[in-house]
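Colleague: Okay, here's the structure, questions in a sec.
The values are calculated or read from the model by the stated rules, or taken from the named source; none is laboratory data. These numbers come from a predicted model, not from an experiment. We place every Cβ from the backbone using ideal geometry, glycine too, and count neighbours over all the protein chains shown.
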Amino acid sequence: MKVPMLDLKPQYAQLKHLLLPEIMDVIENQTFILGPKVSKLEKELSDYIGTRFTIGCSSGTDALLMALMALDIGQGDEVITTPYTFFATAGSIARVGARAVFVDIEPDTFLMNIEQVEKKISLKTKAIMPVHLFGQCVDMEPLLALAKKYNLKVIEDAAQAIGSGYKGKNAGTMGDIGCFSFFPSKNLGCFGDGGLVSTNSETLNERLKGLRVHGGQIQYHHNEVGLNARLDALQAAVVSVKLPYLKSWTEGRRRHAAIYNELFAGNPNVVTPVEKTDRYHIYNQYVIRVKNRDALKAYLTEKEIGCAVYYPLSLHQQKCFANLGYTEGSFPESEKAAKETLALPVYPEMSEEQLKFVAAAVNEFTCKKG
Ligand SMILES: *Cc1c(COP(=O)(O)O)cnc(C)c1O
């Protein structure tokens, strides 16, 4: 049996009959950039996510950039975030000229440790950027309280967390701005790059819409220097077709996570993901922690079982962030997670046999070595 880390083909097969006419419709109309398909998707996603406005854009990375720019964050400013995340989180902060200030993660959830935030707040701090990593929301209540106390903006990196919940609220609705990605491996993926920004603020909505098209909503009139960060109609059409299925796909991922949890329950050498009782985890990734991670990865790869390391380096260890002045040991939990975590396939179309096959291989290896 072969189990890929992610197989997008069954999802395409399921929806091909709906996707192709929508794609053909875009081609027949020859309206490729923004336009009615993007506006329609924005309405649908405002409903799904639960914010007054959403703004389709070219990627999750550009969503983060637009968010920072819309909040006037740049040179001389600091943004507090986690070092244990995809590169784009801190990359976008650096790209606008601001400084990423990291706090370590909680060892059980891999999410930023809010208890460490307050002592990192300086006169230069403009915002906090929580990352709802792997599909589980950050503990937002204390974070929002700090933001209020110190008058800081909150940008949620919800790229891995569409539909994820915290105390009855959705990811991307709790801060000033939420940022999403339609990269194909996210829970709601398009056929290329795509992203989305969410906000309840009318002022920010206007600003973001301008930033998306070179800093001015009226063609050839520029209030500021923006980006070319538009979502194209083909991607919007694909996301619109997929959106009605997202809930059931998420339920599938959650079911698979529960099955894994059960299959690993008797194995003391595998630490399974922790879902906090006040959250709704959407399992963009199912991430276990093991002592001999690299050897397990090699073993699974040899058995043609897909797995992946998210992420092999904490961001403070990246060459391009050496200038931030962190050293080895600056964020021990994040560094430890980078050595011990392994993501297993959890996509909704997996069969129970595949889940059992993966778990059996993991159990066999970790117990043998354990
Ligand atoms: C995927 C991702 C991004 C960036 O999204 P792209 O669409 O790939 O640019 C940002 N942050 C996190 C946490 C992500 O997982």
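Colleague: Name the one entry in N205, N223, N269, N228 that is assigned by TED's automatic domain parsing to the domain that holds P348 and of a type in the set (S, T, N, Q).
Modeller: N269 is the lone residue from the list that is assigned by TED's automatic domain parsing to the domain that holds P348 and of a type in the set (S, T, N, Q).
Colleague: Taking the conditions exactly as written (surrounded by fewer than 19 Cβ atoms within 10 Å (Cβ to Cβ) and part of a loop (DSSP other than H, G, I, E, B)), does E353 satisfy them or not?
Modeller: In short, no.
Colleague: Now a separate question. Give the stretch 145-192 a look and list any residue that's buried (at least 21 other Cβ atoms within 10 Å of the Cβ), β-branched (V, I, T) and part of a loop (DSSP other than H, G, I, E, B), or say none.
Modeller: I162, the sole residue that qualifies.
Colleague: Also: V225 fails exactly one of the following numbered conditions: (1) of a type outside the set (S, T, N, Q); (2) more than 16 Å from the ligand (Cβ to nearest atom); (3) closer than 26 Å to E349 by Cα. What is the number of that condition?
Modeller: (3)
Colleague: Specify the residue that is nearest to the chain's Cα centre (by Cα); the eligible residues are those in the stretch 59-78 that are small (G, A, S) and more than 16 Å from the ligand (Cβ to nearest atom).
Modeller: This residue is A70.
Colleague: Looking at (1) in contact with a helix residue (DSSP H, G or I) (Cβ under 9 Å, 6 or more places away or on another chain); (2) buried (at least 17 other Cβ atoms within 10 Å of the Cβ), find the lone condition where F32 falls short.
Modeller: The single condition F32 does not satisfy is (2).
Colleague: Checking the structure you have, find out if any residue of the stretch 37-44 is loosely packed, with under 14 Cβ neighbours inside 10 Å, over 18 Å from I177 (Cα atoms), free of Cβ contacts under 8 Å to residues at least 24 places away in the same chain and basic (K, R).
Modeller: Among the residues of the stretch 37-44, not one is loosely packed, with under 14 Cβ neighbours inside 10 Å, over 18 Å from I177 (Cα atoms), free of Cβ contacts under 8 Å to residues at least 24 places away in the same chain and basic (K, R), which makes the answer no.
Colleague: Name the residues in the stretch 326-370 that are modelled with pLDDT under 95 and among the small types (G, A, S), would you?
Modeller: G370
Colleague: Is there a residue being within 30 Å of Q317 (Cβ to Cβ), assigned to a loop (DSSP other than H, G, I, E, B), out of contact with any Cys (no Cβ under 8 Å at 6 or more places or on another chain) and not polar (S, T, N, Q) anywhere in the stretch 51-71?
Modeller: Checking the stretch 51-71: at least one residue is within 30 Å of Q317 (Cβ to Cβ), assigned to a loop (DSSP other than H, G, I, E, B), out of contact with any Cys (no Cβ under 8 Å at 6 or more places or on another chain) and not polar (S, T, N, Q).
Colleague: Next up: Take the conditions acidic (D, E), farther than 24 Å from V26 by Cα and part of a helix (DSSP H, G or I) and apply them to E206. Does it pass?
Modeller: yes
Colleague: Still on this model: In the list G56, G50, which residue meets the criterion of being in contact (Cβ under 8 Å) with a residue 12 or more places away in the chain and either more than 15 Å from the ligand (Cβ to nearest atom) or outside the structural domain of V239 (by TED's automatic domain parsing) (or both)?
Modeller: G50
Colleague: State whether one or more residues within the stretch 140-163 are more than 11 Å from the ligand (Cβ to nearest atom), among the small types (G, A, S) and over 29 Å from Q75 (Cα atoms).
Modeller: Within the stretch 140-163, one or more residues are more than 11 Å from the ligand (Cβ to nearest atom), among the small types (G, A, S) and over 29 Å from Q75 (Cα atoms).
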